[in-house]
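Here's the structure we're looking at; comments come further down.
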Amino acid sequence: MSGNEATVTSGRGAGVHSFCFDHCFWSFDHKSSTFATQQMVYEKVGQPLLHSALEGYHTCLFAYGQTGSGKSYTMMGDSEAKGVIPRFCEELFSKITNPEEENKPTYSGQMYCNYLASSFGYRNRAEAVKYSNRPWIVIG
């Protein structure tokens, strides 16, 4: 891996293949100088999406890859290192609750209720919806 390019060498004699991406993250060896933390991934991928969403653009983050490659961990994280989704939600709700501008715009969106309930300490989906005073569509 070099910069935004990943190179794969086939063991079957098919040669060398290079793939370019917007971002490449190395997360295999914690001791490596190029190791990407959850915070680094969020700053490169999550924050730009959040800022675009707050400017009114439709955004989507789609995790795709081989089984066991770290998609769920990257998106959700664990108790020690939050993933992209919890960081995104925390920053989103912080910006909506504490607007930087006097004339704050109205936001609406969708969020899966199971995540909303578990992440913000609600006992169940109904309680999450009951105490939500934001204009959000919650999909259960």
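Taken together, the values in this text are just the output of simple stated rules run on the coordinates, not laboratory data. Remember, predicted model here, so these are calculated numbers, not experimental data. For neighbour counting, all protein chains shown are included, and Cβ atoms are generated from backbone atoms with ideal geometry for every residue, glycine included.
Observations on the structure shown:
- Gain in span if fully extended, Val16 to Glu43, counting 0.36 nm per residue against the direct Cα distance: 6.6 nm
- If only the Cβ of Lys and Arg carry +1 and only the Cβ of Asp and Glu carry -1, the dipole of region 37-104 around its Cα centre is close to 280 debye.
- Each residue of region 43-53 was assigned a 3J(HN,Hα) from its phi angle through the Karplus expression (A = 6.51, B = -1.76, C = 1.60, θ = phi - 60°), giving 5, 7, 10, x, 4, x, 5, 4, 4, 5, 4 Hz with x at Gly and Pro.
- Length gained on full extension, Glu5 to Asp78: 23.5 nm, using 0.36 nm per residue less the C-alpha separation.
- Using the Cβ-Cβ distance between Glu90 and Lys31 with R0 set to 35 Å, the FRET efficiency from 1/(1 + (r/R0)^6) comes to roughly 0.75.
- Between Glu55 and Thr97, the FRET efficiency from the beta-carbon distance, with R0 = 25 Å, is close to 0.85.
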